[in-house]
Amino acid sequence: MKFGKYLLIPWLILAVHTILSVYNGTSGVVPYRELMNERQRILENLEKLQNINRELEGTMDALLYDPEAIRIRARELGYGTSGERFIRIVGLSGGRPAELRPGTIRTAIQPLLSGKSYRVISLCVGLLFFALFLAGDMFLNRVDSPDQKEPHLHSEF
């Protein structure tokens with residue numbers, strides 16, 4: 001079984017590639033967790049957008065049916081009726097309402113490693129073990145070689 005261990009190297013390469021693919025591959029454990037986190041962020045963003053939509057619908061309904069709301073909104077935008085005069089006091093807050101904030105734009109994160117990198121990593125691990133096996137065999141062959149026999153002391157009695 002001296003060279004049988006070299007037959008383990010392809011299986012080792014396959015095992016390393018499989019473990020990397022299952023754990024961090026395209027549909028592996030780590031990307032699945034990242035997608036679930038991303039899904040949660042998108043759902044939170046959707047909820048914020050729905051709240052903004054409800055507020056805008058309320059504002060739209062008020063502007064459609066309430067003339068006083070139209071007058072207040074027009075004054076906030078800087079309009080007025082004839083005969084009105086505006087006095088602007090610089091430095092006071094609350095003059096105009098804050099701009100509307102749309103929901104955040106979400107994008108999916110790109111994976112750190114691709115399938116090709118798993119192949120390269122697996123091949124490097126296989127080559128490393130091949131080199132270790134080869135070095136071990138060469139070292140053991142030097143120690144056990146027949147050229148380095150210990151001299152036997154013969155006594156002539």
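Counted as qualifying within region 1-87 are the helices (runs of 4 or more DSSP H) with 2 or more residues that are out of contact with any strand residue (DSSP E or B) (no Cβ under 7 Å at 6 or more places or on another chain), surrounded by fewer than 13 Cβ atoms within 10 Å (Cβ to Cβ) and at pLDDT 90 or above, namely 29-65. Scanning region 105-149 for residues that are touching a Pro at 6+ places or on another chain (Cβ under 8 Å) and modelled with pLDDT of 70 or more returns a single hit, GLY126.
The values are calculated or read from the model by the stated rules, or taken from the named source; none is laboratory data. Everything numeric in this text was worked out from a predicted model, so none of it was measured. Glycine gets a Cβ as well: all are built from the backbone with ideal geometry, and neighbour counts include every protein chain shown.
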